[in-house]
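Before any comments, here is the structure.
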Amino acid sequence: MSDKNQREQDRSQPGAAPRVGVYICHCGGNISDHVDVEKVCSDLAQTPGVEITRHNMFMCSDPGQELIMEDVKSGKVDRVVVASCAPSLHETTFRNALIRAGANPYIYEHANIREQVSWVHHGAAATAKATRLVAAAAAKAARLQPLEPIRVPAEPHAVIIGGGVAGLKAAAELAGRGIAVTLVEKSPFLGGHTAQWDHLAPTGEAAREVVAELAAAALSNPLVSIITSAEVTALEGYVGQFTLTVTRRPPAASDLPEQLPTAAVGAGAPGTFVPGHGILPAPLPEESETRRIKTGVVILATGFRPYTPKRGEYGYGEWEQVVTLPELIRILAEQQQQPPPEPVLTVNGRAVRRIALIHCVGSRQIPGIHEERPDGTLNQYCSRTCCTALLHAANEIRQRFPAVHVIDCYRDIRTYGRGQEELYTQAGRNRVLFLRFEAEDAPVVETAPPGSESPLQVRVKDTLTFGEEVQAPVDLVVLGVGMEPGPIPELIEMMKLPIGEDRFLQEVHPKLRPVELAKAGLLLAGTCQSPMDVGEACSAAASAAVKAAAILGRGLVELDPFVAQVDPNRCRGTGLCLEACLNDGALELVSCERAGEAGRRAQVNPALCLGCGACVAVCPEGAIQVNGWTLDQFEAMVDAIVADQQAA
Amino acid sequence: MYSPKDIIDLLAANVRRTRNPFGVPKRLMNRWWKGLELPARADTLLYTGLMYQAAPYIEQTTSMLERFEDSKWAPYIGYARWMPNYLAGLGLYLMADGKEKTRAAGTLKNIVRILQSSGIRFGYRPELDFYSGILLYDLGDLDGFLEHARFVADRLQQAGVRRLITVDPHTTYALKVLYHKYLGTRLEVKTYFELAQFPPAGGDRSDTTGPVVVHDPCFYGRYLELSEVPNRLLTGLGYHCVPVRNSGPFTSCCGGPAESISPKQSREIMQRRVEELQATGAPIVAMCPICMGNLRKSGAQVEDLSTFLARAA
Amino acid sequence: MATISTQFVEELEHYGVDTTMDCFNCGTCAAICPLIYEHFPRRMIRYAQLGARERILEQANDLWHCLHCGLCTLTCPRQADPGELILGLRRLVVAEWRRADHV
Ligand code: SF4
Ligand code: SF4
């Protein structure tokens, strides 16, 4: 490494003029159909400082990268410009190629001649613009200096916010890799919503056993500490070096089951399962306390909450015979075991003979059809889990109470995962009657006409019956409510968390960086990100744990070196830069000695600097610059763009 | 369309009275065997179910029905039960085409020849050869069908019959599947062509044989999955079975089963099928009297499978 | 408006049909049926699922268009045996007529 650095150093000695290599990509015609690539090459070859110009059908292909690496290795060039697609796609590819060639990755400049040229301009104009962009990049490249990434030590510790299945799974995974974890849970219980359910679709496992197993895996590892009845109230620092403030408060009596097991729960031992609530891992706090935790990463596993129907939505809140699916699950779990042959399903003291299930309640809402929230939002997404959960409930009812008939009103059946479609098939075998409605003709729940044997009736314009309206007397209506993001406005505000149009937390990229937030060191796990079933939440949690382990595993975190740098000889310590700075803590004034006198000067905290350049603009001395984007580099680019076109 | 209720009532009454849906006395209908001197062996019987013999009457009836469909006379079909000479019974016997009757007898005689030359030992007992009742089953009169089927099954059982050789798909399906399903009857039922055997074709016969197109009946193609057999036999005899769109399990219905309720619809479906068959340019081979009668209405050239097989027998 | 009667399916069992609810209304049977007639036979099967007895009796004659050709049963992806369902409905209607005749 030091050898290589030495070579780098030699090449970029002042005096030894930089030798720029320019590599232009055809992008298989995407670029070369509109830009005369060869002409750009020959024009650039005339530009001072440009040593070599080359072009290739696909610069990002292995042979394309080889071209660059060969020239760098042989010393022909010591600055590289690739002109191709947007830098977001392949800048990293080419920087890595430089590393493989033994060079510093920051002697690289990228010109975008696809999105910014060939996709939007044609003919001679396209070629002319491409030439100027590439010339500007070459001018900048000639002034690039090798840089070193910023390395900050990483605290080998993760904080997980949320003790549902995702939080528990992530905790167990991380601890299993030797990383200390603090899990912070708002309620006194672990297991989240899953702990409130009976059996999980589509496998039929007992929810409490799944929760108990996940909790045991986390609790039994001494590296995991759990703080329940607690919330994160402040976050400072940066990846590798966060400090969280966690406040623990005695829970409100209304949040607690009437009979809480009072037996003291030993630290670290898997706790008691309180039906309908979850695992109680520790005694309740008697008074508030606050503590600060240093951590390298934070995993958000804040979960979801079930959609609450509006009053009157399908009669909810108006008739006690209208309940949500979670309510039905509780009712079914609480039904006494009854002897065959004809077990009776009793709800609110009444025997039930016919049940209507309604899908997509609070999900897949459509502007103009569904009523918006006061803030103008709608749940336009599919909650993904309700179809399967409803079919699971339908099958359970038909099997446990064969005399009870089930009518399933759906918009589409979306049983997408392994074992789920089988539930639909099984529902047919169990003689569940399906009615299909369009969003604009939602079922109507109303009181049954006098003389009916049931209190309510459901009217549906049924597309399976060629749009005819059908009606059924029913004793119970069950609303398949969807998922909404958990209510975490304070965390969103405090951590500046990005949220999507659907109000769930939003990752950087669903495929390329599926569990990361733009702020380095913050990760996502489970249903805070989008509706998922328990299995999917656990896989997401495992991914977040792996990502966290990867960040913390090397003991230090590498950040791009594009941050502000102060020239101590020029800085007069005016402090104007501090006022302009957008990120608290990125700049500070430190004492120094200047010409034998005590003075002050600005100092950059590279881990916090955003590299935005706000300080550069205000410094009267020109004493602060952003590495990789210095003022002389900008000037060179502008000069190249406005320069008279080279005579070809 | 005729009122299904009237048709069902008429047919059910005929079956109850005469044990066949046309009300034609069996002794008049079933005469083809006379003079053939077939043995009266009891264990393996040739069993026609009277379907081929009924073909001329079906044709006569449907041509009348077709004439009156949607006319003001259609509703009077219900009274036919009280007018046996018009649509049933002796009158129908006299009206039916004599040529057709001869042709039906010829088909059955061919089948006897095929079986004999294949070395099959069998008998024929006209007094045990009953209509199967399948039409009542198809029309949804399960009670009527079962009453008749029980009558037939009892007679066969009393006579000690164990194996039947059938000649048409409807009777085959009734005896093989339905009698077993509903009555638990244990009979070994095989079609005549499943038993047919010919010595391997010697030399080039392409001057006497040629291309043919086989129309698989629904019951053989789909329900009983027997289409391979006639194809194999014909190919063995040197015929080239030209493939037709929709055959085997996916064969197209000839439309025949609808002819008593809605002759017009029946004709439409038949015409679609005939077009498919004629697109091959080859003569059509049928193996069901209903298909045969219906396809022929189009004027197409249709011959019974037995005609082809008998040439080699 | 048709009123759903969940008992009808059980009544149909007496007429030899126990696959009524296996149908998931894909319409394959109506597409392959040579009758090409008003969603036949799915329309009838749908009414049977709903237990819309009145609708079935109103349109009972349509049941006898069926050729009993069995294409629908062969192609039904759910093994709901649509052809047999039509036969079962015929039996139910015939029984209904016979009852009426006796009154
Ligand atoms: S093909 Fe089968 S499943 Fe599809 S509509 Fe017809 S009966 Fe129902
Ligand atoms: S059996 Fe009847 S309903 Fe089924 S395809 Fe044939 S004609 Fe149509």
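Before moving on, here are some points about what is shown:
- Positive-end extreme of charge dipole, chain A - chosen from A:PHE242, A:THR203, A:PHE273 (charges on Cβ): A:PHE242
- The distance between label points at C:THR3 and B:ASP143 comes to 2.8 nm (points 7 Å beyond Cα on the Cα→Cβ vector).
- Restricting attention to the protein assembly as shown, close to 45% of DSSP beta bridges with both partner residues there are antiparallel.
- Potential lengthening between A:LYS39 and A:GLU440 on full extension [0.36 nm per residue; Cα-Cα distance subtracted]: 138.5 nm
- Normalised by 2.2 N^0.38 Å, with N the number of residues, the alpha-carbon radius of gyration of the stretch B:203-310 equals 1.04.
- Averaging the Cα positions of each part gives two centres, and for the stretch A:556-572 and the stretch C:32-55 these lie 77 Å apart.
- Calculated FRET value between B:ARG163 and A:ARG429, using beta carbons and R₀ = 30 Å, to 0.05: 0.15
- Relative contact order (%) - criterion: Cα under 8 Å, at least six apart; region: chain A: 13
- Inter-label distance for A:ALA333 and A:THR243, nm, one decimal - labels placed 7 Å from Cα along Cα-to-Cβ: 4.2
- Inter-chain neighbour count for B:133-142: the average number of beta-carbon atoms from partner chains within 10 Å of each residue's beta-carbon is 5.
- Spread of Cα-to-Cα distances over 20 Å intervals beginning at zero, given as percent, for chain B: 33, 60, 7, 0
- Among A:ARG414, A:ARG330, a tally of other beta-carbon atoms within 10 Å of each Cβ gives an order, fewest to most, of A:ARG330, A:ARG414.
- Within the stretch A:478-531: Cβ-based charge dipole about Cα centre, in debye rounded to nearest 20 (Lys, Arg +1; Asp, Glu -1): 200
- Applying 1/(1 + (r/R0)^6) with r as the Cβ-Cβ distance of A:THR290 and A:VAL638 and R0 = 51 angstrom yields a FRET efficiency of 0.45.
- Each stretch of four or more DSSP H residues adds -39500 (n - 2.57); spread over every residue of the protein assembly as shown, this sum gives -10000 deg cm²/dmol at 222 nm.
- Residue exposure sequence - C:LEU12, A:LEU556 - by fewest surrounding Cβ within 10 Å: A:LEU556, C:LEU12
- Considered as an equivalent ellipsoid built on the Cα gyration tensor, the stretch A:529-648 has semi-axes of 39, 26, 13 Å, the largest given first.
- Rounded FRET efficiency, nearest 0.05, which uses the C-beta distance separating A:LEU578 from A:TRP629 and R0 of 25 Å: 0.80
- Between C:GLN79 and C:GLU38, the modelled labels are 3.2 nm apart [label points 7 Å from Cα along Cα→Cβ].
- Alpha-carbon Debye profile of the stretch C:8-101, log10 I(q)/I(0) at 0.10, 0.11, 0.20, 0.23 Å⁻¹: -0.21, -0.26, -0.89, -1.20
- Residue (of C:LEU67, C:GLY88, C:ALA31) at the positive-pole extreme of the stretch C:8-101, dipole from beta-carbon charges: C:ALA31
- The charge dipole of the stretch A:408-449, taken about the Cα centre with unit charges on the Cβ atoms of Lys, Arg (+1) and Asp, Glu (-1), comes to about 300 debye, rounded to the nearest 20.
- Derived scalar couplings ³J(HN,Hα) [the stretch A:144-149; Karplus, 6.51 cos²θ - 1.76 cosθ + 1.60; whole Hz; x for Gly, Pro]: 6, 10, x, 10, 10, x
- Of A:LYS73/A:LYS129; B:LYS99/B:LYS297; A:LYS39/A:LYS73, those spanning more than 25 Å from alpha-carbon to alpha-carbon: A:LYS73/A:LYS129; A:LYS39/A:LYS73
- Net lengthening on full extension, B:GLN301/B:HIS240 (0.36 nm per residue, minus Cα-Cα): 20.3 nm
- At least 24 Å along the helix axis (C-alpha) and Kyte average at least 1.6, DSSP helices within chain A: none
- Extension gain for the segment A:LEU610 to A:GLU213, taken as residue separation times 0.36 nm less the Cα-Cα distance, is 138.7 nm to one decimal.
- For the stretch A:557-574, the residues whose amide N sits under 14 Å from a probe point set 7 Å from the Cα of A:ALA595 along the beta carbon direction are A:569-573.
- Annotation: the stretch A:564-626 has a Kirkwood hydrodynamic radius of 11.5 angstrom, from the mean reciprocal C-alpha pair distance.
- Of the residues A:PRO449, A:TRP319, B:HIS240, the one whose Cα sits farthest toward the positive end of the charge dipole of the protein assembly as shown, with +1 on the Cβ of Lys and Arg and -1 on the Cβ of Asp and Glu, is B:HIS240.
- On a per residue basis, the convex hull of the C-alpha atoms belonging to the stretch A:15-119 measures out at 89 Å³.
- Unit charges on C-beta of K, R, D, E only; dipole of the protein assembly as shown, Debye: 3900
- Semi-axis lengths, Å, the protein assembly as shown, gyration tensor of Cα atoms, sqrt of 5 times eigenvalues: 82, 42, 25
- Per-residue Cβ neighbour counts within 10 Å put A:THR272, A:THR127 in the sequence A:THR272, A:THR127, beginning with the fewest.
Any read-out appearing in this document is the output of simple, stated calculations on the displayed coordinates, not a laboratory observation. Nothing here was measured: the structure is a model prediction, and the numbers come from that model. FYI the Cβ positions are ideal-geometry reconstructions off the backbone, even for glycines, and counts take in every protein chain you see.
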